[in-house]
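Okay, so here's the structure we're looking at.
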Amino acid sequence: MANRKRVAIKRLRQSIALANLAYAQNPTSEAKASNIELPVVSSVLVVLRYVNRDGGNCWDVLLTLRSNHLRFHRGLVCLPGGKAEPGEGFVECALREAHEEIGLASTSVEVVGLAPPTMTLPKVCVWPVIAVLNKSVELKANPMEVRDVFWMPLSKFQELDAHRSPHHSFISMHYFDYTCPLTQSVYTVWGLTARLLILISSLAFQTVPQFSLCNSNQFNYSFLKKYFADESYMIQLLVSKL
């Protein structure tokens, strides 16, 4: 299992490097940057756990259910993270937020890279910091911020059966429903978290999702559309290079 994990991490690092290259080469990146002034910078920690599964779907991702006490995004499934403090780097921010929210020590993970950033509304730039769990941990949710913590197979974000996409006027919204086999709790992952995990699952497994990523006219970067990264471009270019 240790050798399989090393191979999987090596493949993940390779994919992250190619995704960042694809993002840099994407002609829409400059268009987005020219229309956004002084974005708020934040980062999220994408914690992956290697598991020995048949079929090669070997990663679980750590997710949180936000507390109902919060002012924003209450009751939503999210990745640990938040806004960076002055002078704080992306990795430092993500690790600090994960420790504050769920008690995850920075020594419990190995950071393997940063995925390309994603712009959200209003003018927030989110950097996904990808890390691999390197030992068993006991997580403790901060009740003021987090109501629940759970692991979800990362492969779900590639599967058509787990995916639904209700119609929205200017973007494709992706929803993934998941029932935890241990607790029978039902969670719905959508919005920014779903978008990030679609991309990161493609990086981890080096595959294209079984469902359509966007409306055919979505990414012309006029009006609100300019804020949404072209995950489709990055994934297609990534897979073509492997």
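The values are calculated or read from the model by the stated rules, or taken from the named source; none is laboratory data. Predicted, not measured: the structure shown is a model, and the values here were computed from it. All Cβ positions, even for glycine, are placed from backbone atoms using ideal geometry, and neighbour counts span all protein chains on display.
Return the residue satisfying two criteria in turn: it lies in segment 101-113 and is within 16 Å of GLY81 (Cα to Cα) and in contact with a strand residue (DSSP E or B) (Cβ under 6 Å, 6 or more places away or on another chain), and of such residues it is surrounded by the fewest Cβ atoms within 10 Å (Cβ to Cβ). The selected residue is VAL111.
Answer yes or no as to whether LEU196 is among the hydrophobic types (A, V, I, L, M, F, W, C), assigned to a helix (DSSP H, G or I) and at pLDDT 60 or above. The answer is yes for LEU196. Of all residues in segment 25-57, those satisfying the criterion of being surrounded by 13 or more Cβ atoms within 10 Å (Cβ to Cβ), more than 18 Å from PHE205 (Cβ to Cβ), of a type outside the set (S, T, N, Q) and at pLDDT 75 or above are VAL41, VAL44, LEU45. Quick one: is VAL126 within 13 Å of the chain's Cα centre (by Cα) and over 25 Å from ALA2 (Cβ atoms)? In short, yes.
When segment 1-24 is filtered for residues that are within 21 Å of the chain's Cα centre (by Cα) and either at pLDDT below 75 or small (Gly, Ala, Ser) (or both), the ones remaining, listed by number, are ALA8, SER15, ALA17, ALA19, ALA22, ALA24. Restricting attention to segment 174-207, and to residues there that are of a type in the set (S, T, N, Q) and either more than 22 Å from LYS5 (Cα to Cα) or without any contact (Cβ under 8 Å) to a residue 12 or more places away in the chain (or both), which single residue is surrounded by the fewest Cβ atoms within 10 Å (Cβ to Cβ)? The residue in question is GLN184. Of the residues making up segment 66-77, those that are at pLDDT below 95, within 18 Å of the chain's Cα centre (by Cα) and of a type in the set (A, V, I, L, M, F, W, C) number 1.
Residue pairs whose Cβ atoms lie under 8 Å apart, separated by 6 or more positions or on different chains, with the first residue in segment 137-161 and more than 23 Å from HIS69 (Cβ to Cβ) and at pLDDT 95 or above and the second acidic (Asp, Glu) and surrounded by 17 or more Cβ atoms within 10 Å (Cβ to Cβ), are TRP151/ASP60; MET152/ASP60; PRO153/ASP60; LEU154/ASP60.
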